[in-house]
Amino acid sequence: MKRTSPGLLAVVAVAGLAAGFLLDQILTAMGRPTFTPSLMLPVLLVLLGLVAVALALPIRRATTGTNTRPVDPFRALRIAMLARASSIVGAAVAGAGGGLVLFLVSRPVAPSLGSMSAAIAAAIGGVLLVAAGLVAEHLCTIRKDDDDDQPEPDEPDFGLSHRD
């Protein structure tokens, strides 16, 4: 599994920014109030980040040798995928929150304090989830062994090939 690239996170954040801005633009054009995220959203994002890091810590302890209990490799992979998904979702939410803030700032009418603070809190919660996801993903990686760069010896074959 490859690590989450900054380019992917940037693309997802820009897509979220555009989606958040366009959502408020469409809602305003239809005469509806702008979208205001719940104040519980950043709390849930931070909790998800904490859970991802907490689940990744036993994997890190097992790979560094401080924990003697073996780790199920499928569990480790699931936690690494949770960490990767968390960082991608965090980038999308941070971008969407940024798009909402950008829309509110670009309006000639001063935005309400509640909608602006909720959008800023969502963006900050998304950034914190990205950071936690990347930390958890780092905790789930194993260090490279010295013999990983060396080519493996040929396996003994019995004279049969897949063409026989």
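Below are the figures for this structure:
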item: Scattering profile of the range 7-98 at q = 0.15, 0.22, 0.26 Å⁻¹ [log10 I(q)/I(0), Debye over alpha-carbon scatterers]; result: -0.71, -1.06, -1.21
item: Carbon + sulfur, % of accessible area of the chain - ligands and nucleic acids excluded, 1.4 Å; result: 68 percent
item: Value of relative contact order over the chain, rounded to a whole percent, pairs C-alpha under 8 Å and six or more apart; result: 36 percent
item: Difference of contour (0.36 nm per residue) and Cα-Cα distance, residue 8 to residue 61; result: 16.2 nm
item: Accessible area in the full protein assembly, largest first, 1.4 Å probe, for 87, 5; result: 5, 87
item: Spatial extent of the chain: Rg and Dmax, with the Cα atoms as the point set, Å; result: 22.4, 80
item: Computed helical MRE - 222 nm, the chain, DSSP H runs ≥ 4 contributing -39500 (n - 2.57), nearest 500; result: -24000 deg cm²/dmol
item: Among 63, 52, 41 - extreme Cα towards positive end, dipole of the chain, charges at beta-carbon; result: 41
item: Rounded to the nearest 20 debye, dipole of the chain from Cβ charges on Lys, Arg, Asp, Glu; result: 1080 debye
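The values are calculated or read from the model by the stated rules, or taken from the named source; none is laboratory data. Small disclaimer: the values here were computed from a predicted structure and weren't measured. All Cβ positions, glycine included, derive from the backbone under ideal geometry; neighbour counts span all protein chains shown. Heads up: the accessible areas ignore ligands, DNA and RNA and are worked out on the full protein's heavy atoms, side chains in. Shrake-Rupley method; radii C 1.70, N 1.55, O 1.52, S 1.80 Å.
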